[in-house]
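K.L.:
Following this message is one structure expressed as structure tokens.
Derivation of every value follows stated rules applied to the coordinates shown; laboratory data play no part. Note that this is a predicted model, so its numbers are computed, not measured. We place every Cβ from the backbone using ideal geometry, glycine too, and count neighbours over all the protein chains shown.
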Amino acid sequence: MKRLAAVVALLGLTAVTAACSGSGTPTNQSSSGGGGGGLFTTIDVNRPGIDASGPANPYNPKGNSFLGYNAMKLAWVKNHLTDPNQFYPGIAESWEIAPDNSAITIKLQPNNKWSDGKPVTAEDVRLSIGIAYTQGSTAFAITPGAAGAAADVEVVDDKTVKVTQDMTNPSSKFARGVLDTFVAPAHIWGSVLPADFWDKLKASRGEGADAEKAREEITALGEKIITFAPEKDVSAGPFILERVNPGEALLVKNKEFYNAANVAPDQVKFLNYTGNEQIWNYLISGKLDHAGFTAAPADVMNRIKQAPGTNIIKGFSPVAVGMAFNQTKKPYDNVHVRRGLAYLIDRAEVTKVASPEGGNAAVTTSGIHQKPAQEWLGAELNSLEPYNPDPAKAEEEFKQAGLQKKDGKWALADGSPWKVTMTAPSGFSDWISAQENIKGQLVEAGVDAEVVTVADYPLYLEEIAAGKYDVGFWLIALGPAPYDIYQRLYGASNGWTNVAGKIKHAEPGKSGNWMGGAEKVEVDGTEINPGELTGKLNSVSAEEAKPIMLQLAKAANQDLPVIQLWDYVNTQFTNTSRFTGFPEQESDLLRLPAGVWIQLGMVKKTP
Amino acid sequence: MTVIARRLAGHLARGIVMILVVATISFFIVRNIPGDPVAARYQKLLEQGMSPEAAERATAVMYGFLPEGTLWQQYTDYMAGLFRFDLGVSVTHPGSPVTSVLGEAAKWTVLPVLAGTLLSFLVGVIMGVYAAIKRSGKLGDFLAISGSLLHGVPQYVLALLMGAIFTTLIPILPQGGTADILFEPGFNAGYIGSLIEHATLPVVTYALASYGGWILAMKSSVVTVLGDDFILAAELRGMRRSIIFRYVARNAILPLFTILALSLGLLFGGAIFIEKIFNYPGLGFLLIDSVVNRDYALMGGAFLLITAAIIVANILADLFYTVIDPRVRSGEEASA
């Protein structure tokens, strides 16, 4: 027993000593040129969980290549309201897009080197484009007839690459598809593509069994590429991976980076997280210099704001959430029911409860986020029905739908009870809060309602696509490209598929058509096919897109396949205690990782 | 063949059959969990503001690692792989064999849970003896009540409480991770100190959560032994109290060793909530992640590892008891 007691005492002493210690000497944090040095602490909001055994491979979802830090793209897409082809320089210093989008000529940064001292060349870009073909890229797609696919890649000189578009099915997003490409060093990654890769690619563009075989071989290479593990990280970005453990990753400054003189931090530390709660705790304790958008309830947000140095930057986020109806189910097949519900729901109240910091109540249902809606629709936006809360109008709509009101409660046309059943995935606190609030509003207006939560998001998506829910929430208005905005309303979920530029429509309830809307609708006395119009948006110019967008906005506004509830706000958390120079409010840099802000030389050490 | 060898052979045969049965059951349960992990990841990235094409790119590759073929084909492949210790490839860690992902996570579970179990066992046993001997006094009452209280509080409540106190109210311990990355890994004071510092909250929480069970079990066992005839005989013979105390402790601790051996079976799956709450990247953490992401191979592998550990622990407990308790050994030899 004495021995037992001694062991316990020793263990206790060790624990106490450990708890109180900050022993040891951390690796060098000395300051250097370029804005003051120091350690920049952050999280990768798009990738929870650090995998200590993950390779330094930007194509691997669990790899330890961090976008904007040690993983570089040709250029960085700006958060523009309407134009998908606006960029900040990355590996590319400049680019020239042909007026008809048929080609893009890319000039590389003249003085950029990989961290092992070798120059970044056009051959690196060519190899990276080859790799992109194996990864399901949009501009570098091997699917026959894919919109916006490249036809040829030409190395003009050591620092210039020209990529031409296959104009049989062009896309206005071609330049974006090209510039949004990772660049890997050919002298390290060269072995991942077979010597006959480009011949295979040529063969894959044909038809028949040989072409199919070539496509299969190229796709199979994708799996090999994401498992590729370079012996050490070789980066052309502002940082290089130094080491990683299951809880943290450490990156150090790359002195060969073209703009190293203006890169402030000497080191970057990525912290692990698995849920929003951990990010909140980091923010509350002021540990993070930057964190991307993370939904947080009001009380948590207040505590984050109180942390010394907290600075919240807000801007445009091209996403909105809509209350979507399954129109194969009664009474939601009746537009008057959907309109009646729209008149009953006070969207401002819903947003205030559900997403006070991360959303703005939708002004109306147009299918477009409010900010770009003004750009696309102009004054016509004001002509859309706003569906302001109006119980009298709701009653009128319900009566037109044939619903009956008995003892202050609405029932279906045949007198049977009606209950609005809304479904949300467990853990989506903002969606659940919104649905609970809507339920309260509906019940008060005499419409019975309930909220059902399902286990998690994968299950929710599977069941909503199978048409199991009457009403659910659905993300819409994904900008800035016009096609992306409307494909959420008039795409696969509503029966339309776009294969090689040909639009097909499936019957409601079949082939993923869970919204079950009509194939053709009448807008301003003209019959339109919303899916076909959406397909057209893929290839038309911005000016040509405007009248189409207006027709689709009117269709969405009158038919209400969804009730647009709130437009998301891009909320970025920064802390100015250690670094300053973060982007301004509404900056077009807000959807880019902080590594891009750092490499552009914006971020400086706080004096 | 000795008694122990015969017992071992029997246990191993039964254990292997049980593992195969559990592998089969868990395979079919796991594969029948509804939900599309790729679609969920895609939608999540959209919500975070990623463009549709970037989200598509980020998730498309996951399809290549999803299991293919009919359910029966998948099952036969899985069972065939099992005999080669090949549990398949993870979807959430694309291209990584499940065995290596589990191996990486296992070390961050085994060490804290083992430390927590042993710590709680040692403290609980000692306090249990005192609680039994002093059961009529205030110290005995206090120890018994503290044991009951801690035994009744769910592990996750304790973890949340400890986290709130030591990372927020009195922020002296780290909020997660295994060690500060700024320390060079190796046998140096800074790195080891950082490892211990990061493990303190999970270990202490686990020890506190288990302590109540040990103290109550030990107290009950000691009280039972105190009433045995051989203790009365020892007292009547005038033996010293310290010798009697040793008799009591040795006999009372026997059932607890069995429970300890069984507890060690939970080494791989015993701290799911603690790991999740303290952001400590062990197996429990990995298991939750694999369920959320419908990583079938990883889920199946984690379940299998936890099951196998419990089965092995059962076998060891049984053998251990045979070794340490002469009554069991002699009984078996007599019947043989």
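K.L.:
Convert each backbone phi in segment A:524-529 into a coupling constant with the Karplus relation 6.51 cos²θ - 1.76 cosθ + 1.60 (shift: θ = phi - 60°), then list the ³J(HN,Hα) values in order as whole Hz, x for Gly and Pro.
P.N.:
Each residue's phi maps through the Karplus curve to give 6, x, 10, 7, 10, 10 Hz.
K.L.:
Considering the alpha-carbon set of segment A:343-407 alone, what are its Rg and its Dmax in angstrom?
P.N.:
Both quantities, over Cα of segment A:343-407: 14.8, 47 Å.
K.L.:
Relative to 2.2 N^0.38 Å, what does the C-alpha radius of gyration of segment A:176-238 come to as a ratio? Two decimals please.
P.N.:
After normalising by residue count via 2.2 N^0.38 Å, the value is 1.33.
K.L.:
Taking Rh as the Kirkwood radius, which is the inverse of the mean 1/r over Cα pairs, what is the Rg/Rh value for segment A:464-504?
P.N.:
1.02
K.L.:
Nearest 20 debye, what's the magnitude of the dipole of chain A about its Cα centre given +1 on Lys and Arg Cβ and -1 on Asp and Glu Cβ?
P.N.:
For this selection, approximately 1620 debye.
K.L.:
Take the Cα atoms of chain B, build their convex hull, and give its volume per residue in Å³.
P.N.:
200 Å³
K.L.:
Still on this structure, please answer the following. Take the cross-link list A:329/A:371; A:255/B:276; A:118/A:253 and give me the ones stretching past 28 Å between alpha-carbons.
P.N.:
A:329/A:371; A:255/B:276
K.L.:
Taking chain B as the reference, fit the longest principal axis to its C-alpha atoms, fit the long axis of helix B:241-264 to the helix C-alpha atoms, and give the angle between the two in degrees, 0 to 90, nearest 10.
P.N.:
Between helix and principal axis, roughly 20 degrees.
K.L.:
Let me ask you something else. Most exposed first by the Cβ proxy, i.e. fewest other Cβ within 10 Å, how do B:232, B:82 rank?
P.N.:
Values: B:232 11, B:82 19.
Exposure proxy ranking, most exposed first: B:232, B:82.
K.L.:
Let me ask something else. If you average the C-alpha positions of segment B:283-322 and of segment A:327-365 separately, how far apart do those two centres end up, in angstrom?
P.N.:
46 Å
K.L.:
Can you grab the distance from the C-alpha centre of segment A:558-607 to the C-alpha centre of segment B:82-146, Å, no decimals?
P.N.:
Centre-to-centre (Cα) distance: 43 Å.
K.L.:
I'd like the orientation of helix B:138-152 relative to chain B: the angle between its Cα long axis and the longest Cα principal axis, in ° from 0 to 90, rounded to 10.
P.N.:
Here the helix axis deviates by roughly 20 degrees.
K.L.:
If you scale each eigenvalue of the Cα gyration tensor by 5 and take the root, what three semi-axes come out for segment B:238-321, rounded to whole angstrom and sorted largest first?
P.N.:
They are 39, 15, 5 Å, listed largest first.
K.L.:
Continuing with this model, one more query. Between residue B:172 and residue A:277, what is the FRET efficiency for a Förster distance of 25 Å, r being their Cβ-Cβ separation, to the nearest 0.05?
P.N.:
On the way: r = 20 Å, r/R0 = 0.80.
The value I calculate is 0.80.
K.L.:
Based on DSSP H runs of at least 4 residues, each adding -39500 (n - 2.57), what is the mean residue ellipticity at 222 nm of the protein assembly as shown after dividing by all its residues, to the nearest 500 deg cm²/dmol?
P.N.:
-14500 deg cm²/dmol
K.L.:
Using the Kyte-Doolittle scale, find the helices of chain A whose mean hydropathy is at least 1.6 and whose Cα atoms extend 24 Å or more along the helix's long axis, counting only whole DSSP H runs.
P.N.:
Helices passing the filter in chain A: A:2-20.
K.L.:
Report the dimensions of segment A:350-463 along its three principal axes from the alpha-carbon atoms, largest first, rounded to Å.
P.N.:
Result for segment A:350-463: principal-axis Cα extents of 46, 39, 26 Å.
K.L.:
On to the next question. Using DSSP loop states and a limit of at most 12 other Cβ atoms within 10 Å to flag GluC sites (Glu not before Pro), what is the longest stretch of chain A containing no flagged site?
P.N.:
No qualifying site falls inside A:232-583, the longest such stretch.
K.L.:
Check which residues have an amide H placed less than 5 Å from residue A:582's amide H, if you skip close sequence neighbours.
P.N.:
So residue A:582 has HN proximity to no qualifying residue.
K.L.:
Over chain B, calculate the relative contact order: mean separation of alpha carbon pairs under 8 Å at least 6 apart, over the residue count, as a percent.
P.N.:
26 percent
K.L.:
Where the centre of each part is set by its Cα atoms, how far does segment A:56-83 sit from segment A:155-188, in angstrom?
P.N.:
A separation of 15 Å, based on Cα centres.
K.L.:
Which whole-number value in Å³ per residue fits the convex hull of the alpha carbons of segment A:278-414?
P.N.:
Working: hull volume 21.8 nm³, N = 137.
Convex hull of Cα atoms, per residue: 159 Å³.
K.L.:
Follow-up. If every alpha-carbon in segment A:157-308 counts as one equal scatterer, what log10 I(q)/I(0) does Debye give at q = 0.15 1/Å?
P.N.:
These q points yield log10 I(q)/I(0) values of -1.08.
K.L.:
Convert 25 °C to kelvin, take the viscosity as 0.890 mPa s, use the Kirkwood radius over C-alpha pairs of segment B:83-178 as Rh, and evaluate the Stokes-Einstein diffusion coefficient in µm²/s, rounded to a whole number.
P.N.:
143 µm²/s
K.L.:
Let me ask another. May I ask for the angle, rounded to the nearest 10°, between helix B:3-31 and the longest principal axis of chain B, with both axes built from Cα atoms and the value confined to 0 to 90°?
P.N.:
30 degrees
K.L.:
Quick one: grab Rg to one decimal and Dmax as a whole number for segment B:185-336, Cα atoms only, in Å.
P.N.:
Radius of gyration, then largest Cα-Cα span, for segment B:185-336: 21.2, 67 Å.
K.L.:
Hey, another quick one. Going by how many other Cβ atoms sit within 10 Å of their own, how do A:365, A:42 line up, fewest first?
P.N.:
Working: A:365 29, A:42 25.
Ordered from fewest to most neighbouring Cβ atoms within 10 Å, A:365, A:42 come out as A:42, A:365.
K.L.:
Can you list residues whose amide H is under 5 Å from residue A:317's amide H, if they're 5+ apart or on another chain and H is modeled 1.01 Å from N?
P.N.:
So residue A:317 has HN proximity to A:570.
K.L.:
Next question. Give, as a single signed number, the net charge of other residues whose beta carbon lies under 15 Å from the beta carbon of residue B:134, with Lys and Arg counted +1 and Asp and Glu -1.
P.N.:
Net charge around residue B:134: +3.
K.L.:
Continuing with the same structure: I want the local charge near residue A:168. Using Cβ-Cβ distances under 14 Å, sum +1 for each Lys or Arg and -1 for each Asp or Glu among the other residues.
P.N.:
-2
K.L.:
Shielding of B:179-192 by partners, i.e. mean partner chain Cβ atoms within 10 Å per residue?
P.N.:
6
K.L.:
Lys/Arg Cβ at +1, Asp/Glu Cβ at -1, dipole of segment A:35-194 taken about the Cα centre: which of A:192, A:69, A:52 is farthest positive-ward?
P.N.:
Towards the positive end, the residue furthest out is A:52.
K.L.:
Using modelled amide H (1.01 Å from N, peptide plane; none on Pro or chain starts), what sits under 5 Å from the amide H of residue A:516, excluding residues fewer than 5 places away?
P.N.:
Answer set, sorted by chain and number: A:327, A:509.
K.L.:
Using the Karplus curve 6.51 cos²θ - 1.76 cosθ + 1.60 with θ = phi - 60°, what ³J(HN,Hα) values do you get for each residue of segment B:272-277, in whole Hz, with x for Gly and Pro?
P.N.:
4, 5, 4, 5, 5, 5
K.L.:
At 0.890 mPa s and 25 °C, plugging the Kirkwood radius over alpha-carbon pairs of the protein assembly as shown into Stokes-Einstein gives what diffusion coefficient in µm²/s? The partial results should precede the final answer.
P.N.:
Details: Rh = 31.1 Å.
Here the translational diffusion coefficient equals 79 µm²/s.
K.L.:
Among DSSP bridges having both ends in segment A:399-543, what percentage is antiparallel? Round to the nearest 5.
P.N.:
Details: 11 of 20 bridges.
Within segment A:399-543, antiparallel bridges account for around 55 percent of the total.
K.L.:
Between beta-carbons, use under 12 Å as the cut-off and find the net charge around residue B:195, counting Lys and Arg +1, Asp and Glu -1. Provide the component values of the computation, followed by the final result.
P.N.:
Values: positive: B:107; negative: B:180, B:197.
Its environment carries a net charge of -1.
K.L.:
Would you compute the Debye intensity of segment A:252-309 from its alpha-carbon atoms alone, equal scatterers and no solvent, and pass along log10 I(q)/I(0) at q = 0.20, 0.23, 0.26, 0.28 Å⁻¹ to two decimals?
P.N.:
-0.78, -0.90, -1.04, -1.15
K.L.:
Oh, and also: Sort A:289, B:86 so that the residue with the fewest other Cβ atoms within 10 Å of its own Cβ comes first and the one with the most comes last.
P.N.:
On the way: A:289 26, B:86 15.
By the 10 Å Cβ count, ascending: B:86, A:289.
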